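**Q** The following block contains the structure, expressed as structure tokens.
The values are calculated or read from the model by the stated rules, or taken from the named source; none is laboratory data. Note that the structure is a prediction, hence the values are computed from the model and not measured. Cβ coordinates were reconstructed from backbone atoms using ideal geometry, including for glycine residues, and neighbour counts include every protein chain displayed. To get the accessible areas, we keep the full protein, side chains included, count just its heavy atoms, and leave off ligands, DNA and RNA. Shrake-Rupley method; radii C 1.70, N 1.55, O 1.52, S 1.80 Å.
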Amino acid sequence: MERYLNDYSEVSKFEKEMEKVSPFELKNRLIELADESIRKMMHTMLNAGRGNPNWVATLPREAFFALGRFGIEECRRDWQEKEGLAGIPQKAGIAGRFEQFLKENKKEAWAIFLEKCYRYMLDEHGVNGDELVHEWTEGVMGNQYPVPDRILKHTEIAVNDYLAQELCDGRPPQGELDLFATEGGTAAMCYIFDSLQQNRLLERGDQIALMTPVFTPYIEIPKLHRYNFKVTEIPASRMSDDGLHLWQYSEKGINKLRDPAYKALFIVNPSNPPSYAIDSKSIDMIVDIVERWNQNLMIVTDDVYATYIPGFQSLMARLPHNTICVYSFSKYFGATGWRAAAIAIHRDNIFDTLLKRLPRKRKGEMQQRYGSIRNDVENMRFIDRMVADSRQVALNHTSGLSLPQQLQMTLFALFSIIDKREGDGYRLKMQEIMAKRLNNLWENMGFTLVPDPLRAGYYSEIDLTVWGKRFYGEDFVDWLRLNHSPLDVVFRLATETSLVVLNGGGFDGPEWSIRVSLANLKENDYVIIGQKVRSILDSYAERWKKSLPMVE
């Protein structure tokens, strides 16, 4: 690392080597460089590389911990020993005891919230009180295997309501959505790729489409030898009349999906890193293509940032028959450590239809794979196969997300539902905080941030060639590309200013772009980041001017 700071030839060599590395792995190298910079120049390191939020939703967590107190009382009520042993929660009469517990703590904010959650489930869904509270109590104690293994009964009800509100703008598709609770969105991705191939819905070498820029694992997983998919990228290439990125997709790109050779489409919506929702025109085109040209197209949409777009509507709402939806609670609730997410699939779906169309030989393979679980494998739904595959089939009896994770997921979902009914206070404050960070960043770069209702603003992708051209002209941009590696920007920011950002090219975005997370630093930090990014661009311009021939 010392050589990097002192020898420019080594800089170029190191940057070339790093161009092949995932931006998330590169981030660790940048942090090392930033640490070295701190030791030499006494800077404060600002890590805007990873999207881990620096907030937590407090009330659903307070409720979780309060339920822990109730759960301990219930266990000791069953039986207890002085050595610290106790029984397990008993269902009979538990709802009444829970109501008394809330009454005894009625002035506490968490008790008021739990009362609302309890009443919502009883009044809106007519659930049995003892069954509900028993699930919650066993959930917080974690004393049982998950049953049902796919997702707990009342967790599925609450999360379904939440997804209808947040991903479908309150207009969910007709029919039922089945959910599979997973260990974060990352596990959901692994399970989906695995089961699509295990069930021969995607074969090695098949053709898929990927809307880019995109979260890097969606780029990297299809390249693995196991999959080796033929990937066609549909870039968000549309530009405004004055040369700014719109981060939307062209008609020409989307129309490639008309070819039935494309078996699957993978989307992150809103996008990561540009952080924009797909516009209605593009959504309408995809719907039309599926309905008229490519009815068997399998769509996987990762909608983790949906809550930052007012009135967001997922492809799951528009094309429920063809879509698997992934949603993680990590970003909106500040809960990356909880690893709480869900896969949603409509009860009537193309995945189950395609399973029934498999050739006899393939069905025989599936019978052999899942035959230890059930006799009628041909009637086993794709979502249930994912659950089994998540535990290598043989451990299907111990599959499922842990009970405490599912309980916290339930409380997050109900918190958001209740918040919306009571004025959306949490959401509006969240949007206000993110907007201030975004504005601080762009104002201090001296760039123009055009208002856009489709901008989530969780990340900001900054294409330095766009702004270099605007400030200094096309000749400067040509010189920059000829004389420097795109990674030079992120390395200079790390070594000269102790600022860690990710390279946009690693997400298959514009190669001279950088991704700044707006989630994990304080408001005033983005003032500094904006100034540092602009200073790096200006320093390149100074070098360029000095390289120009003298005019006599």
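**Q** Determine how large the accessible area of residue 200 is when every protein chain is in place; take a 1.4 Å probe and give Å² rounded to the nearest 10.
**A** 70
**Q** How large is the convex hull of the Cα atoms of the range 214-335 per residue, expressed in Å³ as a whole number?
**A** Values: hull volume 15.3 nm³, N = 122.
Measuring per residue, one finds 125 Å³ for the Cα hull of the range 214-335.
**Q** So what are the range 412-498's ellipsoid semi-axes, whole angstrom, largest first, if each one is the square root of 5 times an eigenvalue of the alpha-carbon gyration tensor? Walk me through the intermediate numbers first.
**A** On the way: eigenvalues 280, 45, 23 Å².
Here the semi-axes work out to 37, 15, 11 Å.
**Q** From the gyration tensor of the Cα coordinates in the range 136-223, what semi-axes in whole Å does the equivalent ellipsoid have, largest first, with each one equal to sqrt(5λ)?
**A** So the three semi-axes of the range 136-223 are 29, 19, 13 Å.
**Q** For the range 154-284, how big is the tail of P(r) above 17 Å, as a whole percent of Cα pairs? Each step should come with its number before you reach the end.
**A** Details: 5710 of 8515 pairs.
Percentage above 17 Å: 67.
**Q** Could you point to the residue in 126, 70, 92 farthest towards the positive end of the range 68-141's charge dipole, with +1 and -1 charges on the Cβ of Lys/Arg and Asp/Glu respectively?
**A** Highest projection toward the positive end goes to 70.
**Q** Same structure, new question: Return the Rg/Rh value of the range 95-155, two decimal places, where both radii are evaluated on C-alpha atoms and Rh is the Kirkwood radius. Could you put the intermediate results ahead of the total?
**A** Working: Rg = 12.2 Å, Rh = 12.4 Å.
Result: Rg/Rh = 0.99.
**Q** Using the alpha-carbon centroid of each, what span in Å lies between the range 398-448 and the range 326-345?
**A** Taking the Cα centre of the range 326-345 as reference, the centre of the range 398-448 is 11 Å away.
**Q** Give the relative contact order (percent, whole number) for the range 290-356; include only Cα pairs under 8 Å separated by 6+ residues.
**A** Details: 89 pairs, mean separation 20.5, N = 67.
It rounds to 31 percent for the range 290-356.
**Q** Also: What is the antiparallel percent of DSSP beta bridges lying wholly in the chain, to the nearest 5?
**A** Details: 24 of 45 bridges.
So the antiparallel bridges amount to about 55 percent of the total.
**Q** Going through the cross-link list 256/281; 230/356; 153/263, which pairs have a Cα-Cα distance over 21 Å in this structure? Intermediate values should be presented prior to the final figure.
**A** Working: 256/281 16 Å; 230/356 25 Å; 153/263 33 Å.
With Cα atoms farther than 21 Å apart: 230/356; 153/263.
**Q** Counting only protein heavy atoms, what percent of the accessible surface of the chain is carbon or sulfur at a 1.4 Å probe?
**A** 50
**Q** If you average the sequence gap of Cα pairs under 8 Å that are 6 or more apart and divide by the length of the range 398-528, what percent do you get for the contact order? Could the numbers behind the result be given before it?
**A** Numbers: 107 pairs, mean separation 38.7, N = 131.
Once normalised by length, the contact order is 30 percent.
**Q** Here is a further query. In units of 2.2 N^0.38 Å, what is the alpha-carbon radius of gyration of the range 485-552? Don't skip to the end; give the middle numbers.
**A** On the way: Rg = 14.2 Å, N = 68, 2.2 N^0.38 = 10.9 Å.
Ratio of Rg to 2.2 N^0.38 Å for the range 485-552: 1.30.
**Q** Another question, if that's okay. Which loop trypsin sites (Lys or Arg not before Pro) in the range 225-304, with loop taken from DSSP, have no more than 14 other Cβ atoms within 10 angstrom of their Cβ? Show your work: numbers first, answer last.
**A** On the way: sites: 226, 230, 238, 252, 256, 258, 263, 281, 292; in loops: 226, 238.
Passing both the DSSP loop test and the Cβ count: 226.
**Q** Amide H to amide H, which residues 5 or more places from residue 276 or on other chains are under 5 Å from it, using H placed in the peptide plane?
**A** For residue 276, the qualifying residues are 271, 456.
**Q** With an 8 Å Cα cut-off and a minimum separation of 6 or more residues, compute the relative contact order for the chain in percent.
**A** On the way: 928 pairs, mean separation 126.0, N = 552.
Taking the mean separation of contacting Cα pairs over the length of the chain, I get 23 percent.
**Q** Provide the three semi-axes, in whole Å and in decreasing order, of the ellipsoid equivalent to the range 457-503 as defined by the square roots of 5 times the Cα gyration tensor eigenvalues.
**A** Numbers: eigenvalues 82, 44, 14 Å².
Values for the range 457-503, descending: 20, 15, 8 Å.
**Q** May I pose another question? Measure nothing fancy, just the Cα-based angle from helix 94-104's long axis to the longest principal axis of the chain, in degrees from 0 to 90, nearest 10.
**A** So the inclination is approximately 60 degrees.
**Q** Kindly express, to the nearest 10 degrees and within the range 0 to 90, the angle between helix 487-497's C-alpha long axis and the longest C-alpha principal axis of the chain.
**A** 90
**Q** Just how far, in whole angstrom, is the range 290-324 from the range 207-234 if you go by their alpha carbon centroids?
**A** So the two Cα centres are separated by 18 Å.
**Q** Let me ask another. Of the listed peptides 515-528, 485-498, what is their order by residue-averaged count of other C-beta atoms within 10 Å, with the highest listed first?
**A** Working: 515-528: 19.5, 485-498: 22.6.
The most tightly packed comes first, giving 485-498, 515-528.
**Q** Here is a further query. Compute the long axis of helix 403-421 from its Cα atoms, compare it with the longest principal axis of the Cα atoms of the chain, and write down the angle in degrees, 0 to 90, nearest 10.
**A** Roughly 80 degrees between the two axes.
**Q** In whole angstrom, and with the biggest value first, how far do the Cα coordinates of the range 405-448 range along each principal axis?
**A** 45, 25, 11
**Q** Could you work out the mean projected area of the convex hull around the alpha carbons of the range 227-287, in square nanometres to one decimal? Before the final figure, lay out each step's value.
**A** Details: hull surface 19.7 nm².
Averaging across all directions leaves 4.9 nm² for the Cα convex hull.
**Q** Given the convex hull of the Cα atoms of the range 304-457, what is a quarter of its surface area in nm²?
**A** 12.7
**Q** Students often get this wrong, so try it: which of [x] 25.5; [y] 28.3; [z] 24.9 is Kirkwood radius over Cα pairs in Å as calculated from the structure shown?
**A** Label [x] holds the value from this structure.
**Q** Taking 7 Å along the Cα-to-C-beta vector as the label spot, tell me the residue 251-residue 435 distance in nanometres, rounded to one decimal.
**A** Placing both labels 7 Å along Cα→Cβ, they lie 3.4 nm apart.
**Q** If you don't mind, another one. Sequence-distant or interchain residues sharing an amide H contact under 5 Å with residue 298, placed H: which?
**A** 264, 265
**Q** Near residue 248, within a Cβ-to-Cβ distance under 9 Å, what is the net charge of the other residues, with Lys and Arg +1 and Asp and Glu -1? Each step should come with its number before you reach the end.
**A** Values: positive: 238, 281; negative: 279.
Combined, the nearby Lys, Arg, Asp and Glu give +1.
**Q** Can you list residues from other chains, or at least 5 along the same chain, whose modelled amide H is less than 5 Å from the amide H of residue 47?
**A** The answer is 500.
**Q** Ordered by residue, what ³J(HN,Hα) values in Hz, to whole numbers, does the range 112-123 give under the Karplus form 6.51 cos²θ - 1.76 cosθ + 1.60, where θ = phi - 60° and Gly and Pro are x?
**A** For the range 112-123, the Karplus-derived couplings read 4, 5, 5, 4, 5, 4, 4, 5, 4, 5, 6, 6 Hz, x marking Gly and Pro.
**Q** In whole Hz, what ³J(HN,Hα) sequence does the range 270-280 give by Karplus (6.51, -1.76, 1.60; θ = phi - 60°), x for Gly and Pro?
**A** Computed from phi, the couplings for the range 270-280 are x, 6, 9, x, x, 6, 10, 6, 5, 6, 5 Hz.
**Q** In sequence order, what are the phi-derived ³J(HN,Hα) couplings for the range 65-74 according to the Karplus relation 6.51 cos²θ - 1.76 cosθ + 1.60 with θ = phi - 60°, rounded to whole Hz, with x for glycine and proline?
**A** Calculated HN-Hα couplings, in order: 5, 5, 4, x, 5, 4, x, 4, 4, 5 Hz.
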